[in-house]
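To start, the structure under review is shown below, and the notes come after it.
The values are calculated or read from the model by the stated rules, or taken from the named source; none is laboratory data. In this text, all values refer to a predicted model and were calculated from it rather than measured experimentally. Virtual Cβ from ideal backbone geometry, glycine too; neighbours counted across all protein chains shown.
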Amino acid sequence: MRATGRMLSNFAFLFALAVWGGAVVFFTFITTPIVFADLDRDMAAGLLGHLFPHFFQVQIICSAVALAFIAARLLFGAPPRKLTIAAGIMLTVALAIALYNNFVLLPDMTTAQARVTSFVTTTKDDPARVAYGQLHGRAMILNGLAALLGGATLALAALDPRLLTRRDERAIAAQEVGVTGTANQPTRAHTVPSR
């Protein structure tokens, strides 16, 4: 039963990080370029304005799930402490960024976007468009930073799998390796001295 719970929690942690990273790649490098290439700027801005809230919500959910896993590991799993604290700090910052994007930056972007009558006819130096551009640029930078933090956490788990195992399991594995290594060592032939 404990092994099943551990397997499910490991899956939830890795799945959350994978979905998060996949959403960032898909939204940033696939969806946005295609939308701006195939639609005029007004339609593209309107469509992305509808997608942004869902994107930020995915970030919040995924970073919260991953952070909950790390917190549980610190409380009950006894993983490598420095490694887990580093992952916890990165995920805490990423979650804070996602919350800021969703509850502070997104409403400001929506208000600024509404003040731009048209992205096609409004000049780039128009104050309303400049204000929206600044908010959009800030969102892109913060999204990139949050994505890097999530990717770094996933890299930690890949480089040091002890983040996903319990201390007692690591001890058992070490004993098994030790026993196997001893058993596989070649035995020396002993000669009986002649009398």
**Asked** Out of the residues in region 24-44 that are under 18 Å from residue 122 (Cα atoms) and in contact with a Leu (Cβ under 9 Å, 6 or more places away or on another chain), which is modelled with the lowest pLDDT?
**Response** 36
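Does residue 108 satisfy the criteria of being in a helix (DSSP H, G or I) and among the charged types (D, E, K, R)?
Values: in a helix (DSSP H, G or I): yes; among the charged types (D, E, K, R): yes.
Answer is yes for this residue.
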**Those residues of region 112-155 which are of a type outside the set (Gly, Ala, Ser) and under 30 Å from residue 14 (Cα atoms), in sequence order** = 136, 138, 140, 141, 142, 143, 145, 148, 149, 153, 154
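Okay, residues lined up against (1) in contact (Cβ under 8 Å) with a residue 24 or more places away in the chain; (2) out of contact with any Cys (no Cβ under 6 Å at 6 or more places or on another chain); (3) surrounded by 14 or more Cβ atoms within 10 Å (Cβ to Cβ):
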| residue | (1), (2), (3) |
| --- | --- |
| 102 | yes, yes, yes |
| 106 | yes, yes, yes |
| 114 | no, yes, no |
| 122 | no, yes, yes |
| 139 | yes, yes, yes |
| 155 | no, yes, no |
**Item:** Tally of residues being at pLDDT below 85 and at negative phi across region 61-79
**Value:** 3
**Prompt:** Looking at region 44-65, is at least one residue out of contact with any helix residue (DSSP H, G or I) (no Cβ under 7 Å at 6 or more places or on another chain), surrounded by 13 or more Cβ atoms within 10 Å (Cβ to Cβ) and closer than 16 Å to residue 153 by Cβ?
**Reply:** yes
**Asked** Would you say residue 88 is free of Cβ contacts under 8 Å to residues at least 40 places away in the same chain and assigned to a helix (DSSP H, G or I)?
**Response** yes
**Asked** With respect to the numbered conditions (1) surrounded by fewer than 16 Cβ atoms within 10 Å (Cβ to Cβ); (2) touching a helix residue (DSSP H, G or I) at 6+ places or on another chain (Cβ under 9 Å); (3) touching a residue at least 24 places away in the same chain (Cβ under 8 Å), which one is the sole condition not fulfilled by residue 40?
**Response** (2)
**Complete:** Per the list (1) within 19 Å of the chain's Cα centre (by Cα); (2) at pLDDT below 95; (3) more than 30 Å from residue 165 (Cβ to Cβ); (4) of a type outside the set (Val, Ile, Thr), residue check on residue 83 breaks on (3)
**Asked** So which residues in region 75-85 are of a type in the set (A, V, I, L, M, F, W, C) and surrounded by 15 or more Cβ atoms within 10 Å (Cβ to Cβ), if there are any at all?
**Response** 83
